[in-house]
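Worksheet: the structure to be examined is printed underneath.
Please treat every number below as a calculation from the coordinates, not as lab data. Quick caveat, the model's predicted, so the values are computed rather than measured. Ideal geometry is used to build each Cβ from the backbone, glycine not excepted, and the neighbour counts take in all protein chains shown.
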Amino acid sequence: MALMRCDFYSEVLGLSTSMTVILPQRTSSQIGMTGGAADGDPPVLYLLHGLTDDDTIWLRRTSIERYVAPLGLAVVMPQVGRSFYTDEEHGNRYWTFLSAELPRLCHEFFRLSDRREDTFVAGLSMGGYGAVKWALREPGRFAAAASLSGALNVATRRHHPTRPVDPAVWHTVFGERAVAGTDDDTVALLDRYGVDRADPPALYVACGTEDFLYEDNLAFVETARSRGVPLTVDFSPGDHDWAYWDAKIQEVLSWLPLPIRT
C-alpha cells in the first residue's frame, strides 16, 4: 500500500485542508502482508470521520491500511471538522466540498476508477450520517454505502433529552432553521430515495445495542423498511467506541462488492 497525507487548497472552503489516502499496490514480498491491485484504475472508498476526529483517525484507531491491502481498494479520508458534512449556516460549505470538489480533486490527483460500481462510502457516527446522506442524495454515484453507529436521525438531536448536539455546533451547522424534512434529514430522504431505481445503492447499517445512537438507528431502519428501501442491518452488542468500529469496518469491507477477494 501507498499511504499519504495530502495537503491541498480547497476553492470551495477558501482554505488549505488535508485528506489521508491509501492507494493499492501489488506486493508479494512484504512480511506478514500481501498487497493486491486489479488491472486498471482501482475502486475507491470514501471513509468519513466522526464529530471529534479528523482525517487521520481511521488510520490511528484501526488497522484499515492492513485490512484493505489485499483488496485493491483505494481509501480517501477527508477532513471536515464538526460540520456534519453540511453547508453550514454560519460556517463553511462542507457538503459542497465533500460531494463536488473532493471527488473531482481526487481524480485529478490520483489514479482512481470513476465508475459507479467501483465507488463506495462509509463512516462512523457523524461520518455514518454523512455517508448515508451522500448516498441518499446522490444514489447514482455509489454502488454501496455503510453507516457504523451513525447519527441517522439528526433532526431529533437538537433537543434530545439525554444526548443533544452541542448548541454551539448546532448553531454553526444548522442555525435556527428546521432540519426535519430537508436534504439534511436522512429519515426524510428515504422518501426520495428512488426505490423504483433499477439498481439502487446497497445500504448497510450497523450499531451497537448499548450505543446512545441505537434508538436513532432503529428508527431509521424501521422507516427504511416501511418505504421498501432494501438494506443490510447489523444490530449486535457494542458501544460507541473504537473496539466496535474496528471490528465492524472489517465486516463492511467483506460486504462491499469488490473485484478482488482473498
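Summary of values
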quantity: Estimated FRET transfer efficiency (Arg104, Arg26; beta-carbon r; R0 25 Å; 0.05); calculated: 0.40
quantity: Rough spin-label spacing in nm, given labels placed 7 Å along Cα→Cβ, for Thr52 and Thr96; calculated: 3.2
quantity: Within the chain, helix-based [θ] at 222 nm, where runs of 4 or more DSSP H residues each add -39,500 (n - 2.57), nearest 500; calculated: -7500 deg cm²/dmol
quantity: Tilt relative to the chain, helix 126-137 - C-alpha long axis, 0 to 90 degrees, to 10; calculated: 90
quantity: Using alpha carbons only: equivalent-ellipsoid semi-axes of region 139-262, gyration tensor based, whole Å; calculated: 25, 20, 13
quantity: Cα-based Rg and Dmax for the chain, where Dmax is the largest Cα-Cα distance (Å); calculated: 17.6, 57
quantity: Size of charge dipole - region 150-262 - debye, nearest 20, with Cβ of Lys, Arg +1 and Asp, Glu -1, no other charges; calculated: 260
